[in-house]
Structure formats: C-alpha cells, structure tokens
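Remarks on the structure that follows.
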Amino acid sequence: MIGLCMDSEASVPTRFINQNKLGWMQSFLGEWSKSIIPAQYGIVGIPEIVVIGPDGKVIATGLRGANIEDTVRRELRQAK
C-alpha cells in the first residue's frame, strides 16, 4: 500500500502520518494543481482508493468502507 499526499507543504502530511502512526509507504507529490497524477488516474477528489495490480493496471477505484478490504483480499488471493 502506498499513500500519496497532495498538500501544498510536506509538513502537513508528515504531521498526520506521525500522529496516526501510518505504517505504510507515503509519498509527497506536491500541490494537487501542479501534479499530473490525478488526471492520469481519473482522480477528481480525495481521498481516493485505487487498487493497482502487479502488472500496473488499475483494478478498482472509488472504493469505500468494507469494499476496500474485500477488494484487496480478493486481488491478493488471485495474485498467488
């Protein structure tokens, strides 16, 4: 799992990550309006959950709640 942050300053997500003890990889992309990543993946708002397969193809987007865990579990089983 990778968290991508699109705040205007790196200190904002860094503080959130430390306060919430997030244990997965995080990357700071910089300000939303200056990044090409949202457009490349069709992201129009945050937070956005995007499941990407081992081949780099998008498997699912727009996931919320239990659907996140169900989708990730299913894809991990299929990847074995």
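Applying a DSSP loop filter and a limit of 10 other Cβ atoms within 10 Å to the trypsin sites (Lys or Arg not before Pro) in the range 17-69 leaves Lys21, Lys57, Arg64. Not counting ligands, DNA or RNA, and with a 1.4 Å probe, what is Met6's accessible surface area in Å² rounded to the nearest 10? Number for this one is 30 Å². Applying both filters, DSSP loop and at most 12 other Cβ atoms within 10 Å, to the GluC sites (Glu not before Pro) of the range 1-78 gives Glu9, Glu31.
Under the combined filter of DSSP loop state and at most 16 neighbouring Cβ atoms within 10 Å, the range 1-64 retains these chymotrypsin sites (Phe, Trp or Tyr not before Pro): Trp24. With each label modelled as a point 7 angstrom along the Cα→C-beta vector, the Glu69-Trp32 pair spans 2.8 nm. Against the main long axis of the alpha-carbon atoms of the chain, helix 66-79 sits at an angle near 60°. Taking amide H atoms as placed 1.01 Å from N in the peptide plane, the amide H of Phe28 lies under 5 Å from those of Cys5, each 5 or more residues away in sequence or on another chain.
Close amide H partners of Ala60, meaning residues 5 or more places away or on another chain with modelled amide H under 5 Å apart, are Val51.
Pairwise Cα distances in the chain exceed 19 Å in 45 percent of cases.
The values are calculated or read from the model by the stated rules, or taken from the named source; none is laboratory data. Fair warning: this is a prediction, and the values are worked out from it, not measured in the lab. Here the Cβ is made from the backbone with ideal geometry for all residues, glycine too, and neighbour counts use every protein chain on show. These area figures cover heavy atoms from the full protein model, side chains too; ligands, DNA and RNA do not enter into them. Shrake-Rupley method; radii C 1.70, N 1.55, O 1.52, S 1.80 Å.
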